[in-house]
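Heads up, the thing below is written out as structure tokens.
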Amino acid sequence: MKKRLQELAELVGGRLAAGTDGDIVITGLDNLEGAGTSDLTFAVEPHIEEAKSTQAAAVMLPEGVENFPKPALYVTDPRAAFAKLLAHFTPKLEFPQGVSPQAHIGADVKIGKDVTIMPFAVVDDHAVIGDRVTIYPHVYVGQYTEIGDDTLIYANVSIREHCRVGKRCIINCNAVIGSDGFGFTTQDGVHTKVPQVGNVVLEDDVELGAQDAIDRAAMGSTVIGHGTKVDNLVHIGHNCKIGPNCLIVAQTGISGSTNVGHNVTFGGQVGTVGHINIGANSVYAARSGIIGNMPEGVFGAGFPVQQHTEWLRMQAAMKHLPEMYKKVKKLEKQLAQYEKK
């Protein structure tokens, strides 16, 4: 694809820097290091200085950056604008619409318009598939499960019985939705399984990463709120309620019956105990350990979790522990000598 720089500026609602030639031809997009002489790249702080030496034909920058030495396209949010251009430059994959004769469709399945179901997918009895759904090979859709319009399900995903997936969801490879919750009773040293008879509900515009596991509720529903995005290798336990527009980064584990408010961000490898409430509009840094109820508006870190600023002070102080230990041992020796005298 070839586009003039001026065309790209109009596409993202940006403006060209004074003196920048709008007829520069852009043939691709890339990062600062990989961009070639006909590519467009972007930069935000702290990478503005680095962008001055890129080989790119032009650089997309945030408003307010002055005296940039290369052709520049200014926008309010370079990340969002670049994402829009990526979608524009990336050709859409094309698959033949319809149900492959190599797919298995069970009894009493309802299939919407313009659906693509690829070879070796299994849609079990009584399932409902909405309009324009795409199902890749080796997907399993369980009995009585419902898939909303415009949802994309990649290869090897399992969505078990009675689950509900909303509209415009994206489920990446090998995710499991509706696996049994971890529920057992123990008597005389023997663990007995508690039947997990609930389901999982993914609301609209949810995205799940590769190899995520979302457990079905023991009773009722495990719910992932609309617009929530989940990274790879995340486990969400049974009966959790995750609010809208959350971000959950890789290897996070959320224990059963945890309620999470809206707009909460969990960094990588965050862990929680179960049966707690985590307030909305909060951020938890990587490897935070949440062991109790949390209010709204927290910026937390560490184990057990604490305010991020306090955690930073602790980390700074820990660097001085070896030196402090030496001083204490020296003082103890001096004190022992003093006591002998």
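The values are calculated or read from the model by the stated rules, or taken from the named source; none is laboratory data. Source: prediction; values computed, not measured. So basically every Cβ, Gly included, is an ideal-geometry build from the backbone, and we count neighbours across all protein chains shown. Ligands, DNA and RNA are excluded from the accessible area calculation, which covers all protein heavy atoms including side chains. Shrake-Rupley method; radii C 1.70, N 1.55, O 1.52, S 1.80 Å.
Data table
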{"quantity": "Tally of residues being of a type in the set (Lys, Arg) and in contact with a strand residue (DSSP E or B) (Cβ under 9 Å, 6 or more places away or on another chain) across the range 57-90", "calculated": "2"}
{"quantity": "Test: residue in the range 138-149 that is touching a Leu at 6+ places or on another chain (Cβ under 9 Å), over 15 Å from residue 164 (Cα atoms) and either without any contact (Cβ under 8 Å) to a residue 24 or more places away in the chain or not β-branched (Val, Ile, Thr) (or both)", "calculated": "no"}
{"quantity": "Test: residue in the range 79-95 that is among the polar types (S, T, N, Q), open to solvent by 40 Å² or more (accessible area, probe 1.4 Å), assigned to a loop (DSSP other than H, G, I, E, B) and at pLDDT 95 or above", "calculated": "no"}
{"quantity": "Matching entry among 274, 268, 300 (being assigned to a strand (DSSP E or B), closer than 23 Å to residue 233 by Cα and modelled with pLDDT of 95 or more)", "calculated": "300"}
{"quantity": "Boolean, residue 303 is in contact (Cβ under 8 Å) with a residue 12 or more places away in the chain, within 28 Å of residue 226 (Cβ to Cβ) and open to solvent by 80 Å² or more (accessible area, probe 1.4 Å)", "calculated": "no"}
{"quantity": "Selection count, the range 55-70, where residues are open to solvent by 10 Å² or more (accessible area, probe 1.4 Å) and in contact with a Leu (Cβ under 7 Å, 6 or more places away or on another chain)", "calculated": "2"}
{"quantity": "Residue match in the range 94-111 (condition: closer than 30 Å to residue 142 by Cα, basic (Lys, Arg) and in contact with a strand residue (DSSP E or B) (Cβ under 9 Å, 6 or more places away or on another chain))", "calculated": "yes"}
{"quantity": "Yes/no for residue 113 being in contact with a helix residue (DSSP H, G or I) (Cβ under 8 Å, 6 or more places away or on another chain), of a type in the set (Lys, Arg) and either closer than 30 Å to residue 19 by Cβ or open to solvent by 30 Å² or more (accessible area, probe 1.4 Å) (or both)", "calculated": "no"}
{"quantity": "Residues (of a type in the set (A, V, I, L, M), open to solvent by less than 10 Å² (accessible area, probe 1.4 Å) and either closer than 15 Å to residue 3 by Cα or in a helix (DSSP H, G or I) (or both)) located in the range 36-54", "calculated": "40, 51"}
{"quantity": "Which numbered condition residue 130 misses (of (1) in contact (Cβ under 8 Å) with a residue 24 or more places away in the chain; (2) closer than 29 Å to residue 220 by Cα; (3) more than 27 Å from the chain's Cα centre (by Cα))", "calculated": "(3)"}
{"quantity": "Some residue of the range 175-183 being of a type outside the set (Val, Ile, Thr) and within 17 Å of the chain's Cα centre (by Cα)", "calculated": "yes"}
{"quantity": "Residue 313 open to solvent by 80 Å² or more (accessible area, probe 1.4 Å), among the basic types (Lys, Arg) and either farther than 23 Å from residue 237 by Cα or part of a strand (DSSP E or B) (or both)", "calculated": "yes"}
{"quantity": "Tally of residues being in contact with a strand residue (DSSP E or B) (Cβ under 7 Å, 6 or more places away or on another chain) and either among the hydroxyl-bearing types (Ser, Thr, Tyr) or surrounded by fewer than 20 Cβ atoms within 10 Å (Cβ to Cβ) (or both) across the range 254-266", "calculated": "4"}
